[in-house]
Amino acid sequence: MMDDSKALAKGLQRRDPELLDQLIEQYQYRLFRYLVHLTASRERAEDFFQETWIRVLERGHQYDGKHKFEAWLFTIARNLVIDWQRSKKMQSLEELTEREEGAAKEFPMNEPSALHLLLSEEERSGVHEALARVPAIYREVLLLRFQEELGLEEIAGVLAAPLSTVKSRLYRGLEALKGAMQGGAA
Amino acid sequence: MNAEIHARAQKLIAQERVEGISQAEREWLAAHLRGCASCAQDAQRTSDALRDLRGGMTVTVPRGLAERTRFRVQLRAQELREREPKSRLLWIMCAVSWALGIASAPYVWQAIQWIGDRTGAPRLVLEFGFGLWWAIPALFAAAIVVMENLRQANERNSSGR
């Protein structure tokens, strides 16, 4: 795995077009899914998807090959979304989603949740509805941990947050998810 | 069983999924779950929730998104390739400038001293002038790099969202 990562880092440094094509193909689903959850909009997720890969091309030399590529990819995507939110004078993701220790704020009412948008297109299922009731900062770590299967330190890297924060969000998120799946409020 | 034991079991149920638990803790938990229906139910709910989270969240990637992205990435790569010789030339010029600066330093200092003798300028001014002789190429290169970065940022903003 380490050899693969090193080879990947070298390829990114060279801006190897074949490698980039292959990476876009390989990670398209996971990156798009992550961006949909992050931006709450499929259209925006499409824009950020493209921007993320352009950033990967431009900053490929910064990938050191010591960490999982997907963690680096999600970090770039997340930073782009946050930069955009800041540039639009919106609240940062943290502010937009919730206070760390208190009750959570959901996406604003005029911004339908990505999960709700998905529900209109895809089969309604318990987990969609339950996850939509989980506060966004918890939802993000739950998805990174259990869907993207990133390690705790990798998640801390993506979020630029301390490990203790990641763990605390995961425990709270897990509780919230269980509560939501039982039909209660998160 | 007292409440503390159930609390410990529930903590371990979550901890096992989030950061892992030791073999001894796993064995303790398994033994507890065999004898405690409510904690066993909690463990089952946790497993079900995570199983659904892993398998039940599907998103459809828009048709053609990967192709459009590849196209944009290729265009950008081409732009970067075209720009590379220019920036390489800039660095070569800076390097040559520094090399000339080093090679000519003794003569430049002699020239500055000669000017100092003729004008009576204080030594501090002469040294400052000599320092500038060294700093100008670096300042020039830094200014170009900053301008280039600003130009790229503007380009991104105007071509982006």
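Read the figures in this text as sums done on the coordinates, not as results from a lab. None of the values given here were measured: they were computed from a predicted structure. Neighbour counts are summed over all protein chains in view; Cβ atoms, including those assigned to glycine, are modelled from backbone coordinates with ideal geometry.
Numbers for the structure displayed
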| quantity | calculated |
| --- | --- |
| Among B:Leu12, B:Pro85, B:Ala95 the positive-end extreme of the charge dipole of chain B (Cβ point charges) | B:Pro85 |
| The range B:82-159 - Kirkwood radius from inverse mean 1/r over Cα pairs (Å) | 14.8 |
| Sorted by Cβ neighbour density within 10 Å, fewest at the top, the residues B:His6, A:His128, A:His37 | B:His6, A:His128, A:His37 |
| Charge dipole magnitude, Cβ of K and R +1, D and E -1 - the range B:3-55, Cα centre, debye nearest 20 | 100 |
| Per residue Cα convex hull volume in Å³ - calculated over the range B:1-146 | 282 |
| Alpha-carbon Debye profile of the range A:1-91, log10 I(q)/I(0) at 0.14 Å⁻¹ | -0.49 |
| The range B:3-55, Rg to Rh (Cα coordinates; Rh as Kirkwood inverse mean 1/r) | 0.97 |
| Average beta carbon contacts from partner chains per residue of B:70-80, 10 Å cutoff | 4 |
| Inter-site label distance for B:Gln113 and B:Ser97 at 7 Å from Cα along Cβ, in nm | 2.7 |
| Neighbour-limited loop hits for trypsin sites (Lys or Arg not before Pro), the range B:12-78 (at most 14 other Cβ within 10 Å; DSSP other than H, G, I, E, B) | B:Arg63 |
| Size of the range B:63-106 as Cα extents on the principal axes (Å, biggest first) | 67, 11, 5 |
| Approximate spin-label separation B:Val145-B:Gln23, in nm, with each point projected 7 Å along Cα-to-Cβ | 5.4 |
| Point-to-point label distance, B:Leu132-B:Thr58, nm (Cα→Cβ direction, 7 Å offset) | 7.2 |
| Unsatisfied cross-links (Cα-Cα over 20 Å) in the set A:Lys10/B:Lys86; A:Lys10/A:Lys66; A:Lys68/A:Lys88; A:Lys167/B:Lys11 | A:Lys10/B:Lys86; A:Lys68/A:Lys88 |
| Peptide-level mean, for B:127-135, of C-beta atoms on other protein chains within 10 Å | 0 |
| D (Stokes-Einstein, µm²/s), Kirkwood Cα radius, the range B:37-101, 0.890 mPa s at 25 °C | 139 |
| Normalised convex hull volume, the range A:1-54, alpha-carbon set, Å³ per residue | 82 |
